[in-house]
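S.K.: Sharing a structure, written as structure tokens. Questions coming.
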Amino acid sequence: MRQAKGFREAHFAVCPLVTSNVRSAAEGAGARIIVTLPATSRIPPQTARPSRPGFMNRFANPGQFMRLSSVLLPWLSGAAVLTLTVGIIWGLFYAPADWQQGDTVRIMYVHVPMAWLASLGYFSLAVCGALSLIWRHPLADLAALEIGPVGAVATFICLATGSLWGEPMWGTWWVWDARLTSVLVLFFLYLGHIALIRAFDEPARGYRAAAILAIAGAVDLPIIKFSVQWWNTLHQPDSITLTGAPTMSMTMLAPLFICMAGFSLGFAAVVMARLRAALMETRARQLLSRRHADREAA
Amino acid sequence: MKRGLTRKTRRLWLVVFCLGGLGITTALVLNAFSSNIVFFMAPSQVRAHPPGSDRTIRLGGMVVAGSVKRETEGETPIARFDVTDGQAAIPVRYAGILPDLFREGQSVVAIGEMKGDGSFRASEVLAKHDETYMPKEVAEALKRSGKWDPRFGKAPDAASWDTMTRAEARQMDTKTAQAGG
Amino acid sequence: MTHLPYIVAAYALALGASAVLGIGAVIRLRRARQALALVGRSFPEGRPS
């Protein structure tokens, strides 16, 4: 073990390209994942196939993910940029002003997608947690590692834009009502997850602890959703419901949906890119450590 | 392989039960503290259970149409208005600048304390806008056609107006004007 | 009743953060690819036969 640690330090001295914050991610992944990247053409892809059967394993193969994402990522990024450009321009310049809020209502076109992504991001963390704890999915931990910071940024932007909307409309930057407080709790859950998953020298322990936090924290999601119905709040109830017609003019709803689609595509693209990078960093680390091991053996 | 499967299933049920237990616990706790989680009290609640004087509370409700009186005391603007939840109304006095969204028929949350005479002295007034969003033209069309008076509460059923475009609203508006004139 | 500074700040924040995340991901991807190419190429030579 001590010897292994020695290698690890040596690798990072050799390869300054791998930054320190990436180190923990790479170490953890290295411990759990057998990366089957077609990095050298000498390795035929057939050997990359998992030998274990089971429905999860079809997606469990990091090599499979790399192949799929290399095709998907450019399309996803392109679609995100295009949709977002259309949505933002529509929302800022072509959507009508609200009859009583005026142009300030345009903050909605960034605030609502961020609120949606904050919840969706944490939900996907919880799903990754379940995949990791129950099915021991090898990609789930690495995905959780990469989703966390992106979701936290979305939650922060949701809170900040909400504040910028609240001050001119409500007359206050912040109140401790159930909706605002439960979203702040979500932000702290994200921060806790980000810290916990990187907290241990042995990454597998951090992964497990973070997975438990992600699943337990998911209790906050229905509280956020229904807070405006269960308790009276300063925050207004949802305009878009499953039961009734949306209490929002279609002329505003259309750009809102386009912005939500654009930000969601962007979120997916960023997470996918980060996950690809994390897998490549892991692969680079593995190659380096193998070389060192071979040298040591010689 | 079978052993592995059963272990997976056991882990699945463990997680499901833990999450279920946590969910029920949270629901019970939230239910128990429900009265502390609410952001404001309605006028009828305040009338039914009057809080002690000098205790700061948040009073929420709709500004009664025709009740708003504005005056100035030296430099500070003073506003007097009634807040109602449909069952009871409480007169509110507020010294300071009201938020832009303040109007008759708007929901507001006033922060302050009850006085002995049953009136409310607010130190802060927040506007609480509702979940309806519509362009000015549509709101005008609804108002002119007599379907909605914002001074008396919420907009009519969303299905009746949310597909209306601004051009249609303008057209409808001119028709109403012609019929009226 | 326009509150332009608030609108500008909200959009700047949201789009700025999105841009930082996006560009950050691209840079990290590029670095990872370079690192992999570096070790991938030197790997066979470094291996004792």
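Read-outs throughout are calculated quantities, based only on the coordinates presented, and are distinct from any laboratory measurement. Because the structure is a prediction, the values reported are computed rather than measured. Note that each Cβ is placed from the backbone with ideal geometry, even for glycine, and that neighbours are counted across all protein chains shown.
S.K.: Report the charge-dipole magnitude of the protein assembly as shown in Debye, nearest 20, computed about the Cα centre from +1 at each Lys and Arg Cβ and -1 at each Asp and Glu Cβ.
M.R.: Computed charge dipole of the protein assembly as shown: roughly 3260 debye.
S.K.: Pop the C-beta distance of A:PHE93 and C:VAL20 into the FRET formula with R0 = 25 Å and round what comes out to the nearest 0.05.
M.R.: So the FRET efficiency works out to roughly 0.55.
S.K.: How large is Rg over Rh for the range B:43-128, taking Rg from the Cα atoms and Rh as the Kirkwood inverse mean of 1/r across Cα pairs?
M.R.: Ratio of gyration radius to Kirkwood radius: 0.94.
S.K.: Please list, by residue number, everything in the range A:184-221 whose backbone N is under 17 Å from a paramagnetic label point 7 Å out along Cα→Cβ of B:ARG11.
M.R.: Only A:203-216 pass the distance filter.
S.K.: May I ask for the distance between the Cα centers of the range A:60-115 and the range B:42-115, given as a whole number of Å?
M.R.: Taking the Cα centre of each part, the range A:60-115 and the range B:42-115 sit 41 Å apart.
S.K.: Using alpha carbon centroids, what distance separates the range B:116-170 and the range C:1-30, in Å?
M.R.: Cα centroid of the range B:116-170 versus Cα centroid of the range C:1-30: 32 Å apart.
S.K.: Separation between the B:ARG80 and B:ASP117 pseudo-spin-labels, each 7 Å from Cα along Cα→Cβ, expressed in nm?
M.R.: Spacing of the two 7 Å Cα→Cβ label points: 0.8 nm.
S.K.: Compute a Gaussian network model of chain B, connecting alpha carbons closer than 10 Å, and tell me which residue from B:ASP85, B:ASP157, B:ASP130 fluctuates the most.
M.R.: Highest fluctuation among the options: B:ASP157.
S.K.: Something else about it: Figure the gain on full extension for B:LEU19 and B:THR176 (residue separation times 0.36 nm, minus the Cα-Cα span) and round it to one decimal in nm.
M.R.: My answer for the length gained is 50.8 nm.
S.K.: Could you work out which residue, out of B:ALA159, B:ALA65, B:ALA89, moves most in a Gaussian network model of chain B, that is, has the largest mean-square fluctuation with Cα springs under 10 Å?
M.R.: Comparing B:ALA159, B:ALA65, B:ALA89 in the GNM, the peak value goes to B:ALA159.
S.K.: Moving on to the next point. Provide the FRET efficiency to the nearest 0.05 for the A:ASP294-A:LEU184 pair, computing r from the beta carbons and using R0 = 45 Å.
M.R.: 0.30
S.K.: Still on this structure, I have one more. Could you work out the helix-only [θ] at 222 nm for the protein assembly as shown, with each DSSP H run of four or more residues adding -39,500 (n - 2.57) and the total divided by the number of residues, to the nearest 500 deg cm²/dmol?
M.R.: -20500 deg cm²/dmol
S.K.: Neighbouring Cβ atoms within 10 Å as the yardstick, rank B:THR25, A:THR155, A:THR83 fewest first. If you can, show how the numbers build up before the last one.
M.R.: Working: B:THR25 11, A:THR155 25, A:THR83 19.
Sorted ascending by nearby Cβ count, the order is B:THR25, A:THR83, A:THR155.
S.K.: Using only the Cα atoms of the range B:136-180, build the gyration tensor, take square roots of its eigenvalues as a ≥ b ≥ c, and label the shape rounded, prolate or oblate: rounded if a/c is under 1.5, else prolate if a/b is larger than b/c, else oblate.
M.R.: It comes out oblate by the Cα gyration axes.
S.K.: Okay, moving on. Where in the range A:264-290 does the label zone of A:LEU72 land, with the point 7 angstrom along Cα→C-beta and an amide N cut-off under 17 Å?
M.R.: Residues passing the 17 Å test: A:264-280.
S.K.: Another question, if that's okay. With the Cα gyration tensor of the protein assembly as shown giving a ≥ b ≥ c as the square roots of its eigenvalues, does the rule (a/c under 1.5 for rounded; else a/b larger than b/c for prolate; else oblate) give rounded, prolate or oblate?
M.R.: Cα axes put the protein assembly as shown in the prolate bin.
S.K.: What is the sum of charges, Lys and Arg at +1 and Asp and Glu at -1, for the other residues whose Cβ falls under 10 Å from the Cβ of B:VAL109? It would help to have the intermediate numbers written out before the result.
M.R.: Working: positive: B:ARG58, B:LYS128; negative: A:ASP177, B:GLU124.
For residues surrounding B:VAL109, the net value is 0.
S.K.: Specify the residue with the greatest mean-square fluctuation among B:MET164, B:MET62, B:MET41, computed from a Gaussian network of chain B linking alpha-carbon atoms under 10 Å apart.
M.R.: Highest fluctuation among the options: B:MET164.
S.K.: Follow-up. So, R0 is 41 Å and r is the distance between the beta-carbons of C:ILE27 and B:SER160; what FRET efficiency does that work out to, to 0.05?
M.R.: 0.20
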